[in-house]
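No lab work stands behind these numbers, since they all come straight from the coordinates. From a predicted model like this one, the values you see are computed outputs, not experimental measurements. Cβ coordinates were reconstructed from backbone atoms using ideal geometry, including for glycine residues, and neighbour counts include every protein chain displayed.
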Amino acid sequence: MDHDWWLWVLGTASAIHVVEEHASGWQGWASKTFGKRLGVQPTWADFTATNAALLFVAVACAVVGWRAPWFALSFPAVCVINAVFFHVAPSIAQRYPNPGVFTAVVFYLPLSIVIYVAAHRDGVLSLEAIVWSTIVGALLMALAIVTLILGKRFHYADVPVSE
């Protein structure tokens with residue numbers, strides 16, 4: 001029996017994660033922490049665009065499922081990278097929970113493990129799938145950061161909408 005339906009569960013958890021980040025002030029936290037290090041001022045528009053893309057990737061991975069395990073598993077990979085490097089590690093370093101850390105720990109980490117185990121049990125987990133899903137997950141996470149940096153450098157200012 002295929003257990004790739006767990007990808008839909010992780011996608012749903014991701015939507016809940018986005019709500020937690022928004023409700024607990026991601027934009028202010030991001031500006032104070034990594035925004036200063038990267039020389040950018042993340043906005044709520046950045047947050048919305050990035051998370052819309054994340055949810056699109058979640059759906060795409062769930063739809064594809066085990067037909068392309070390396071691709072499907074890239075979503076749990078990005079969730080683990082996000083949880084560890086953008087939520088757990090910064091929260092430990094700052095000794096204060098950051099926006100999204102609770103759902104990252106409660107949903108992202110355990111569900112991602114469950115999905116990799118499910119892929120193994122269903123006979124679709126290979127070393128190649130692990131390596132490629134990790135690479136694609138890391139590239140997706142890096143893309144979110146690179147677009148912030150490039151956006152500052154090449155961004156055209158918004159103009160008022162004329163009536």
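How many residues are β-branched (Val, Ile, Thr) and surrounded by 20 or more Cβ atoms within 10 Å (Cβ to Cβ) if we restrict to region 109-124?
Qualifying residue count for the region: 2.
Looking at region 73-108, which of the residues that are of a type in the set (Ser, Thr, Tyr) and within 15 Å of TRP26 (Cα to Cα) is surrounded by the fewest Cβ atoms within 10 Å (Cβ to Cβ)?
If we take residues in region 73-108 being of a type in the set (Ser, Thr, Tyr) and within 15 Å of TRP26 (Cα to Cα), then TYR96 is surrounded by the fewest Cβ atoms within 10 Å (Cβ to Cβ).
Restricting the search to region 125-134, which residues are in contact with a Phe, Trp or Tyr (Cβ under 9 Å, 6 or more places away or on another chain), surrounded by fewer than 17 Cβ atoms within 10 Å (Cβ to Cβ) and aliphatic (A, V, I, L, M)?
VAL131
Any idea which of (1) outside any helix (DSSP H, G or I); (2) touching a residue at least 24 places away in the same chain (Cβ under 8 Å) is the one THR147 doesn't satisfy?
Failed condition: (1).
Please go through region 1-29 and give me each residue that is over 30 Å from VAL64 (Cβ atoms), of a type in the set (Gly, Ala, Ser) and surrounded by 15 or more Cβ atoms within 10 Å (Cβ to Cβ), ordered by number.
SER24 - this is the single residue of region 1-29 that is over 30 Å from VAL64 (Cβ atoms), of a type in the set (Gly, Ala, Ser) and surrounded by 15 or more Cβ atoms within 10 Å (Cβ to Cβ).
Scan region 23-38 residue by residue and report those that are of a type outside the set (A, V, I, L, M), farther than 8 Å from PRO99 by Cβ and in a helix (DSSP H, G or I).
Once the filter is applied, which keeps residues that are of a type outside the set (A, V, I, L, M), farther than 8 Å from PRO99 by Cβ and in a helix (DSSP H, G or I), region 23-38 yields GLN27, GLY28, SER31, LYS32, PHE34, GLY35, LYS36, ARG37.
Which of the residues spanning region 57-72 are surrounded by fewer than 23 Cβ atoms within 10 Å (Cβ to Cβ), assigned to a helix (DSSP H, G or I) and over 11 Å from the mean Cα position of the chain (by Cα)?
Listed by number, the residues that qualify are VAL59, ALA60, ALA62, VAL63, VAL64, GLY65, TRP66, ARG67, TRP70, PHE71.
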